Amino acid sequence: MNMENIRARVAADRDALIGTIRELVAVPSVNGPAESGAPFGPGPKAALEKFLEIGKRMGFRTWAFEDQVGIAEFGDESLPEMIAILAHVDVVPAADGWSCDPWQGKIEDGLVYGRGVADDKGPAVSALFALKALREEGVRLKRRVRVLVGTNEELGSKAVHHYVESGQELPVAGFTPDSGFPVTNGEKGIINCTCQLPFAAPAEGTAVLCIKAGVAANSVPDKASAELRVPAASRARLARVLAEFAAPRDAKLTCEYGEGDTVTLKMDGLAYHGARPQWGSNAAAHLVQVLRLLDLGAEQAAALAKLDSMIGTQTRGENLGVMLYDDPSGFTSLCWGILRTEGDKLVFTVNYRYPVTYKMEPVRDALLAALKANGVEITGNIRASRPLYMPEDCELVQKLMKVYREETGDLESKPKCIGGGTYAKEMPNMLAFGNQFVGENCHIHEADERWSIDHIVSHTNIMAAAIAALAGVEE
């Protein structure tokens, strides 16, 4: 197979490639309440339908599995084996702080902006154009190729899990372009749970009436607010708290006075993916520390003190006693992404990621035991995923690394383990490969998510080479 010709095909399709990514990004696809024919809400369903429309007009066989997984297939239907590129078309909320419309696909300074442009709509379209280049170049593959897109990756990967559990055809090899180069040969295990503490407001005196922070459990919240009742007798103490506030990194506190005794405190922080919470600045954690300085009622003060001492601004679970480590993947990470009041309860989420060489069951049990020992009540379902790890000498790791090195000339980078969880865990014989290049920051899960047009083109070339390497080419 002549990769120079493949690259020329991709280069010729550059404008169409970018335009198609923008077309898919233009469909808001945040998970929402189930509707008839839309198990994860109308947004993901609309994005699924748009993906199928794109695949069909590009000449691929397309269909949907139970309105949850979209499939575009290439290759002789009689071929017994299949490889897969697994992506997703659902996205996290856009939230605040964008410099542009998150659904517009703005192009500026060689970058395409938009929610999902890098995570993971852009890579899904890139895979389709890689297949298109192979087809137009007349490359005959020994295995069928499927580009699959799920619709619930950001909230538990239920769609692809159902696809696998229901007995659908599985690939003999594949990758998900939803991480970074070179090859991700390890992914930490992840445990998500929703917790609550008693938080009844006193009938009189200073009280928290409402708290709201965060938009997703797997993202460091960059906004937090608390509506308070602060009587005149406590205003001097509030003024002292505000005057002596020493802003942590990337944090800012503001105060708004409302009618009567009402006061609203707002905290800004820095959003970051829950896999690396230490790189963010948790607005909820900073606000809790401020609220603890007020003369709150006993139950509210106790709950905030407990939350601050258990987790606070820590990001590895040190105080909870659940910090773990291994050499391939490093330390645990712990992110509480959502904080809110519900009646007389203080509700928060825990997103905990543990090293790749540990077993899920004992780690999960230790985390839950530590929370309960602190008086925390676990509510709802506990979502837990096992780690994924393939040593560097595995065939799949070796093939993908060879493609990466040949296409980029980067001979120094090595396979890596990550804290983020990808679809590779949901399907056998799969690793994460792409889409972010070494040193690139696409601001995934943040405001102004973007992807370099030059990198999109390079990524598409790498996808084509990887497809050929895994599927095999008839000489």
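Listed peptides 61-74, 231-244, 386-399 appear in the order 61-74, 386-399, 231-244 once ranked by packing, highest mean of other Cβ atoms within 10 Å at the front. Each part reduced to its alpha carbon centroid, region 187-224 and region 32-94 end up 34 Å apart. Dividing the Cα radius of gyration of region 1-103 by its Kirkwood radius returns 1.03 for Rg/Rh.
Around R249, with a cut-off of 14 angstrom between Cβ atoms, what is the net charge of the other residues, counting Lys and Arg +1 and Asp and Glu -1? Every neighbour counted, the sum reads -2.
Oblate is the label for region 420-475. Its Cα gyration tensor axes, ordered a ≥ b ≥ c, give a/c of at least 1.5 and b/c at or above a/b. For K359, give me every one of the lysines with a C-alpha distance below 26 angstrom, ignoring sequence neighbours fewer than eight places off in its own chain. List returned: K158, K188, K372, K414, K416, K425.
Taking each full run of DSSP H in the chain as one helix, which ones are at least 24 Å long along their axis (Cα atoms) and have mean Kyte-Doolittle hydropathy of at least -1.0? Going by DSSP H runs, the hits are 453-471.
Counting neighbouring Cβ atoms within 10 Å and putting the fewest first, the residues Y163, Y257 line up as Y257, Y163. Here the Karplus curve 6.51 cos²θ - 1.76 cosθ + 1.60, taken at θ = phi - 60°, turns the phi angles of region 216-228 into couplings of 8, 5, 9, 9, 5, x, 9, 9, 8, 9, 9, 8, 10 Hz, with x standing for Gly and Pro.
Ranked for footprinting exposure by Cβ neighbours inside 10 Å, fewest first, L253, L293, L431 give L293, L253, L431. Only DSSP H runs of four or more residues enter the estimate; each adds -39500 (n - 2.57), and after division by the residues of the chain the mean residue ellipticity at 222 nm equals -9500 deg cm²/dmol. Each eigenvalue of the Cα gyration tensor of the chain, multiplied by 5 and square-rooted, gives one semi-axis; in descending order these are 44, 23, 20 Å. Listed by chain and number, the lysines whose C-alpha is less than 18 Å from the C-alpha of K132, apart from same-chain residues fewer than 8 away, are K50, K56, K121, K142.
The fewest-to-most ranking of Y358, Y325, Y404 by surrounding Cβ atoms within 10 Å reads Y325, Y358, Y404.
Bridgeable lysines around K266 (alpha carbons under 26 Å apart, same-chain partners fewer than 8 residues away excluded): K212, K223, K252, K306, K345.
Every read-out reported here was derived from the displayed coordinates using simple, explicitly stated rules and does not represent laboratory data. Worth saying up front: this structure is predicted, and the values here are computed from it rather than measured. Here Cβ is always computed from backbone atoms with ideal geometry, including for glycine, and neighbour counts include all displayed protein chains.
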